[in-house]
1. May I ask you to derive the relative contact order of the stretch 32-82, considering only C-alpha pairs under 8 Å and at least 6 residues apart, and to give it as an integer percent?
2. So for the chain, averaging the separation of alpha carbon pairs under 8 Å that are six or more residues apart and normalising by length, what relative contact order in percent results?
3. Neighbouring Cβ atoms within 10 Å as the yardstick, rank Ile29, Ile104, Ile76 fewest first.
4. Based on the Cβ-Cβ distance of Phe121 and Lys67, what FRET efficiency does E = 1/(1 + (r/R0)^6) give at R0 = 41 Å, to the nearest 0.05?
5. So what is the 222 nm mean residue ellipticity for the chain from helices alone, if each DSSP H run of at least 4 adds -39500 (n - 2.57) and you divide by all residues, rounding to the nearest 500 deg cm²/dmol?
6. With angles folded into 0 to 90 degrees, how steeply does helix 16-60 sit against the dominant principal axis of the chain? Use alpha carbons for both and round to 10.
7. From the P(r) of the chain, can you give the percent of Cα pairs sitting at distances over 26 Å?
Amino acid sequence: MKTDYSKSPRSRFKGAHLINFVGLFPLAIAALGITLDFGRAMMLKNQVKMVADSAALSCAEALDVSKAVNSGVYEINPVFALDRAKKVVTETKSSATSNSWMQIRIASVRVDGKHCTVLVFGSTPTIWMGFFGQKDWGVEAVSGSRAATGISKEW
């Protein structure tokens with residue numbers, strides 16, 4: 001006797017797996033793309049914070065030597081501080097060739113006597129979030145430092 005499989009209860013679900021795959025595959029790809037975009041944004045955030053910290057420390061080393069020698073006042077030279085901060089950004093960009101998708105720039109360097117504050121902006125284009133209206137990610141980081149002057153004793 002020949003079995004008729006068309007009357008089996010499973011015959012009603014023949015295309016269900018294909019429909020599920022076709023419906024869920026684009027959602028899985030979109031979730032993967034959004035995850036990649038968020039990962040790039042977190043990498044950018046970490047890189048911008050590292051550049052801000054490095055630039056602030058570099059600024060703190062830009063003491064005005066002529067002022068210190070002539071008047072005994074130890075202060076950071078704003079021109080030297082800005083040059084040093086820009087040099088940090090340039091060196092970071094040249095050493096990180098694999099992160100060419102990041103755009104990092106110094107927004108401001110504020111010098112107030114012995115204190116230096118650096119504001120750094122970073123941006124990167126998105127891969128998948130553009131479909132939802134988010135064309136790029138932008139982050140900023142602020143870092144400050146103080147010149148270590150007048151230290152007469154190590155702890």
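1. 28 percent
2. Relative contact order of the chain: 26 percent.
3. So the ranking, lowest neighbour count to highest, is Ile29, Ile104, Ile76.
4. 0.85
5. Value at 222 nm, helices only, nearest 500: -16000 deg cm²/dmol.
6. 0 degrees
7. Across the chain, Cα pairs with separations above 26 Å total 52 percent.
Bear in mind that the values in this text are calculations on the coordinates, not laboratory data. Everything numeric in this text was worked out from a predicted model, so none of it was measured. A quick note on method: Cβ atoms are made from the backbone with ideal geometry, for glycine too, and the neighbour counts reach across all protein chains shown.
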